[in-house]
Amino acid sequence: MKTETRTSLGVGASAPRPDGALKVAGAFAYASDLWLDGMLWGATLRSPHPSAWIRSIDVGPALALPGVFAVLTHEDVPGAKFYGLEHADQPVLAVDQVRYQGEPVAIVAADHPETARRAAAAVVVEYEVREAVTDARRAALDPACPLVHPGGNVVRHQPVRVGSARSGAEVVVTGEYEVGMQDQAFLGPEAGLAVPADDGGVDLYVATQWLHVDRDQIAPCLALPEDKVRLTLAGVGGAFGAREDLSMQIHASMLALRTGRPVKIVYGREESFFGHVHRHPAWMRYEHGATADGRLVYVKAEIVLDGGAYCSSSPAVTGNAASLGAGPYEVENVWIDAYAAYTNNPPCGAMRGFGAVQACYAYESQMDRLAAACGLSPVEIRVRNAVSQGSRLATGQVIDSPAPLAAMLGELAAMPLPGPPAYVLSGLRGQGGSGASASGVFRTREEPDPRRLPGGVGRTTRGEGVRRGVGYGVGIKNICFSEGFDDYSTARVRVELLGGEPHALVHTAAAEVGQGLVAIQAQIARTELGIDRVTVAPADTSVGSAGSSSASRQSYVTGGAVKTACEAVRRRLEGLTAADPGLSLGELLDRYGPVEETREYRHRPTVPMDPVTGQGDSHTQLALCVHRAVVDVDVELGLVKVVELAAVQDVGRILNPLALEGQIHGGSAQGLGLALMEEIQMRDGRVLNPSFTDYLIPTILDMPPMRLSILENPDPNAPYGLRGAGEPPTLSSTPAVAAAVRAATGLALPRVPIRPEDIALAHTG
């Protein structure tokens, strides 16, 4: 085979995304755009109560409506009535009780979406309301608390024990911290289309993060073998963890099989808030002990995560919070207890950086307190305790790849700060809108751009009461699945002659959820095969599992699978060349036909954390990101303007620079949102703000300019030396913003999101 010229759009290039132009133009087909002639529409009746017994269900009024084809309850579930991501504790449809507001009770299929919604509302359910368990600390720690599930309220308790809980510290700081319930807030609601098949099975086109684990849960509930439940990934409008759990998949399939017609289900925005899991709210108590010069001696922590009504991925979230609960710092004595508890709040599960985000907010807040107590700067306290290659985590795991945290902090601190605040430049602070010139003649001063001030275009201030603050945050995140999970991906690569030119087809089941994975797979194939023309086939279950698009793992694991399959294809082609030297790739394919190989890729093994000590090499890879935030705060109104975010992140190897920058920007935006505005507000187990009117997320006006420094220190254990990059910026941005607000206000602010009243009431009081 003659040497081919390496493509310019391979690994390391900012290769364009095949779906990018379509999405910008509004032409991309999302799951909610699916359509088949003759299809029906599905709708779900959900419980209005967070905790109640079901005494009766009457579907007669719903069936009597014209246009209604089916009304199903738990009695109509063909197979297993329960499913779950880690434990099968969640009913397909509520059986004898409901455990959270929004739990599905009945499903309807009709010939029009509005008819389906009216029919769902017509189902009569008699409830006997009971006390709701809504306090996770009480659920986890109080033996007298009512049980949400018969087996107890603790989903998982994971201790970490190293050395002594107290060991001769000269400086001790303690704090209690809370993190609210954050929503993934993707723009594309849950949607899918189920089509009954001639073989008695079902073909499901759905927006999800993990096709094969969906199938593994769906098939038993439908009483079908797995090969009769075929899933194809439909267009996904964002995910961030919320699509790891099932939503409408079983319901649409049940209705399609019952009616013999295709059934489409699309959630509205309010229903979406009830139809997927959220980030675990957390209560955390930390105690840090150090020497007088700021060297950590011990860390003690109690972490309670609210898992809501069902298990979802709470065990993994707890493991992350426990194993990473001391942060990326060298400390010989660690005593951590992490709990996840069942409550009657909405189920919580995967969200970007899960478990590590909550712990990071607490331990970074503690590091700032420790810095103040020791008379050190926030950067210096972190540098003195920073891990590096060869350091041990609290679990005993040795960091065996580059971890230049101290250097990253130094680089971050050396970055220029943004210029003077808008209200200083305009000369308006405390002076009104005009001033006198040297000659005594008054002149009008230029008003500051209100978009640069807290309150924005609402013009709540012209600079009076506004103070600036700077804060830092550091985070460490595990990459890929941990604790012994059989984490792998499968890729099939085929090289053939199409239109007289070599062409590569890459087929995996990896879910493209907006992160740019389709482009990355094509880049790897171009690099390994030297072929410009590469197509990535739609993801479906006709190829082996690729695992979940979560844990920042797909570039690592599916990238590794595509690379390995391409290498196998290349070896086959080289064998043909040896038998027939001098031919080009096109000539080889013309003579011998297509070459195809399928390969699985597994990263190095991990082990579960010891259930008593928490020890063990539980993580595949670790990633670091550091943030600096600059904020302006109107202390009288409690309004915050993030002026700038700066970040330094080590990504091992850059595969696509532009896509990588987008991931860091996006993760930082979600961290900013958690710090200042994003929270599902609950009262007695009921959601108060299930809409984008009342659940606030950062807009383009809220996002500041960002300074980025992206480092490449390859991990020798990873494909191309890459390091998963999507989650780490979500960890460190939240504590950095919170620290900056504390610096501007002088307030403790132990809870995120920071609300305006947290600042304004303290200031006026």
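The values are calculated or read from the model by the stated rules, or taken from the named source; none is laboratory data. Here the structure is a predicted model, which means the values were calculated and not measured. We place every Cβ from the backbone using ideal geometry, glycine too, and count neighbours over all the protein chains shown. Ligands, DNA and RNA are excluded from the accessible area calculation, which covers all protein heavy atoms including side chains. Shrake-Rupley method; radii C 1.70, N 1.55, O 1.52, S 1.80 Å.
Please report, in debye to the nearest 20, how large the charge dipole of the chain is about its Cα centre when each Lys and Arg carries +1 at its beta carbon and each Asp and Glu carries -1 there. Mind dumping the intermediate values first?
On the way: 66 positive and 85 negative charges, 306 e Å.
With Lys and Arg at +1 and Asp and Glu at -1, about 1460 debye.
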- Using a/c under 1.5 as the rounded threshold, could you call the range 331-428 rounded, prolate or oblate? The axes a ≥ b ≥ c are square roots of the C-alpha gyration tensor eigenvalues, and prolate needs a/b larger than b/c, oblate otherwise. oblate
- Return the whole-Å distance between the Cα centroid of the range 372-418 and the Cα centroid of the range 444-522. 24
- Point-to-point label distance, Asp142-Leu22, nm (Cα→Cβ direction, 7 Å offset): 5.2
- Message: What does the net charge come to around Val493 if you take all other residues with beta carbon closer than 9 Å to its beta carbon, with K and R at +1 and D and E at -1?
- Response: 0
- Query: Expressed as a whole percentage, what fraction of the accessible surface of the chain belongs to carbon and sulfur atoms when a 1.4 Å probe is rolled over the protein heavy atoms?
  - Reply: 52
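What FRET efficiency do you get for Leu498 and Asn717 if R0 is 30 Å and r is their Cβ-Cβ distance, rounded to the nearest 0.05?
Details: r = 36 Å, r/R0 = 1.21.
Calculated transfer efficiency: 0.25.
As an exercise, use a Förster radius of 25 Å and the Cβ-Cβ distance of His157 and Val398 to find the FRET efficiency, rounded to the nearest 0.05.
Numbers: r = 26 Å, r/R0 = 1.03.
It comes out at approximately 0.45.
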- Task: At 10 °C and 1.306 mPa s, grab the translational diffusion coefficient of the range 453-501 from Stokes-Einstein with a Kirkwood Rh over Cα pairs, rounded to a whole number in µm² per second.
- Result: 86
- Starting at the first residue of the range 297-302, write each ³J(HN,Hα) from the Karplus equation 6.51 cos²θ - 1.76 cosθ + 1.60 with θ = phi - 60°, in whole Hz, x for Gly and Pro. 10, 8, 10, 10, 8, 10
- Find the accessible area per residue for the range 617-765; the probe is 1.4 Å, ligands and nucleic acids are left out, and the unit is Å². 33
- Note on the structure: Listed by chain and number, the residues whose amide H is under 5 Å from that of Val297, excluding neighbours fewer than 5 places away on the same chain and using placed H, are Gly289, Ala290, Thr291
- Which residues qualify? For Val643, with a placed amide H closer than 5 Å and at least 5 residues away or on another chain, they are Val630, Val631, Asp632
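How far, in nm, would the chain grow between Arg572 and Asp694 when pulled straight, counting 0.36 nm per residue and subtracting the alpha carbon separation? Don't jump to the answer; show the numbers that get you there.
Working: separation 122, 0.36 × 122 = 43.92 nm, distance 5.80 nm.
Result for the pair: 38.1 nm of gain on full extension.
Assign one of three labels to the range 567-637, namely rounded, prolate or oblate, based on the Cα gyration tensor with a ≥ b ≥ c the square roots of its eigenvalues; rounded applies when a/c is under 1.5, prolate when it is not and a/b is larger than b/c, and oblate otherwise. Provide the component values of the computation, followed by the final result.
Details: a/c = 5.35, a/b = 2.01, b/c = 2.66.
Cα axes put the range 567-637 in the oblate bin.
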- Query: ³J(HN,Hα) across the range 124-134 via Karplus (A = 6.51, B = -1.76, C = 1.60, θ = phi - 60°), whole Hz, x for Gly/Pro?
  - Reply: 9, 10, 9, 10, 10, 5, 10, 4, 8, 8, 10
- Report ³J(HN,Hα) in whole Hz for each residue of the range 75-81, in order, from the Karplus equation J = 6.51 cos²θ - 1.76 cosθ + 1.60 where θ = phi - 60°; Gly and Pro get x. 5, 9, 5, x, x, 4, 8
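With charges only on Cβ, +1 for K and R and -1 for D and E, what is the dipole size of the range 545-695 about its Cα centre, in debye, rounded to 20? Don't jump to the answer; show the numbers that get you there.
Details: 14 positive and 20 negative charges, 102 e Å.
Using Cβ point charges on Lys, Arg, Asp and Glu, the range 545-695 gives about 480 debye.
Which value at 222 nm does the chain reach when only helices count, each DSSP H run of 4 or more adding -39,500 (n - 2.57), with the total divided by all residues and rounded to the nearest 500 deg cm²/dmol?
On the way: 18 runs with 201 residues, N = 765.
Dividing the helical sum by the residues of the chain leaves -8000 deg cm²/dmol.
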- Note on the structure: Counting only DSSP beta bridges fully inside the chain, the antiparallel percentage to nearest 5 is 75
- Query: Amide H of Asn656: which non-local residues (sequence gap of 5 or more, or other chain) have their own amide H closer than 5 Å, using H built in the peptide plane?
  - Reply: Gly12
